[in-house]
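I have placed the structure first, in the form of structure tokens, so that the comments after it can refer back to it.
The values are calculated or read from the model by the stated rules, or taken from the named source; none is laboratory data. Only a predicted model underlies this, so the values are computations on that prediction, with no experimental measurement involved. Here Cβ is always computed from backbone atoms with ideal geometry, including for glycine, and neighbour counts include all displayed protein chains. What goes into the accessible areas is simple: the full protein's heavy atoms, side chains included, and nothing from ligands, DNA or RNA. Shrake-Rupley method; radii C 1.70, N 1.55, O 1.52, S 1.80 Å.
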Amino acid sequence: MTEFITLPQIDAATDAVRARIKVLPEVALILGSGLGELADSIEDPTIIPTREIPNWPVSTVPGHKGRLVIGRLEGKMVLALQGRTHYYEGHDISRVGLPIRVMQRLGIKTIIITNASGGLNNDFEAGDLMLITDHLGFLAMAGQNPLIGPNLDEFGPRFPPMSDVYDPKLVRLAEEVGAEENILLRKGTYVWLSGPSFETPAECRFLKMVGADAVGMSTVPEAIVARHGGMSILGIASITNKIDPDGTNKATHEEVLQTGDLIVPRLTRILRGVLRKL
Ligand code: HPA
């Protein structure tokens, strides 16, 4: 039986975070697989292990540290989640949204969601960065939507629109930074699958056919909850492995982490540039 997160649970988690920080963060950052090192750039960090926060869905994946790093980056107060929680770890889908609800209760209006993904678009190479312009949430479309359950009216409406999930203004801002920094940025549609198994060739061919450019195991549930709560979202997919044109996906988690390491310096420049412009 699914357990839905409640406002008292969200507020208990929020209070635990608030008690440890002096200045409230303005921007949230979710760091995907292999991208956690980015949090090392944050100045004067307050570090909160997520296991010390009540009701937090704990991350168990290697490469995901499971902590909040709160501090200054490019003059902005940021809250970075190093080690997100995935649905495939066995958490109820409603609980996967708890970190986003805590960010919203802290007053954060802008969120940058990063992830590791497989490149379905034949033009993409491993190591590319893709600005997410839209998503396909098969699980959410088929019943695993994090908003299922009693609506939390304090955050947003029962039937929230999802026409502009990824804020076009933030996409433009990131493109400006890409041009200034001479970093190639792809754009495209991200598809969320539960994982943890990688895709079969038939699944990859199907995903290409329906218009997906990158495939991964996160981001969409977070984006749905973020949008429901009125946040502006920038989504950046790190293409950690290329899926062959015939659909063969030979990705391993080690490869995902290794390519993530190569992407971090470029992603850091993009994120710093975006934060400067916000
Ligand atoms: N498929 C799904 N999730 C992923 C992949 C992939 O190829 N690479 C990184 N995360």
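What a 1.4 Å probe finds exposed on region 1-103 is 50% carbon and sulfur by accessible area, rounded to a whole percent. Taking every lysine pair in region 7-277 that is 8 or more places apart or spans two chains, those with Cα atoms closer than 15 Å amount to 9. Averaging Cα coordinates gives a centre for region 208-278 and one for region 47-125; these two points are 13 Å apart.
Using the 1.4 Å probe convention, the accessible area of the chain works out to 41 Å² per residue with neighbouring protein chains retained.
Ordering 139, 191, 57 by Cα displacement along the dipole of the chain toward the positive end leaves 57 in first place; charges were set at the Cβ atoms of Lys, Arg (+1) and Asp, Glu (-1).
Counting only the Cα atoms, the chain fills a convex hull of 114 Å³ per residue. Across the accessible surface of region 168-220, with the other protein chains kept in place and a 1.4 Å probe, carbon and sulfur atoms take up 56 percent. Take the alpha carbon gyration tensor of region 1-48, find the square roots of its eigenvalues, order them as a ≥ b ≥ c, and report rounded if a/c is under 1.5; if not, report prolate when a/b exceeds b/c, else oblate. Oblate, since a/c reaches 1.5 and b/c is not below a/b. In order along region 196-202, the phi-based Karplus estimate (6.51 cos²θ - 1.76 cosθ + 1.60, θ = phi - 60°) of 3J(HN,Hα) comes to x, 6, 6, 7, 6, x, 5 Hz; Gly and Pro are listed as x.
Rounded, prolate or oblate, given the Cα gyration tensor of region 120-278, with a/c below 1.5 counting as rounded? It comes out oblate by the Cα gyration axes. The value for region 1-137 of Rg(Cα) / (2.2 N^0.38 Å) is 1.08. In the chain, taking the dipole from charged Cβ atoms about the Cα centre, the farthest positive-side position among 223, 124, 201 is held by 223.
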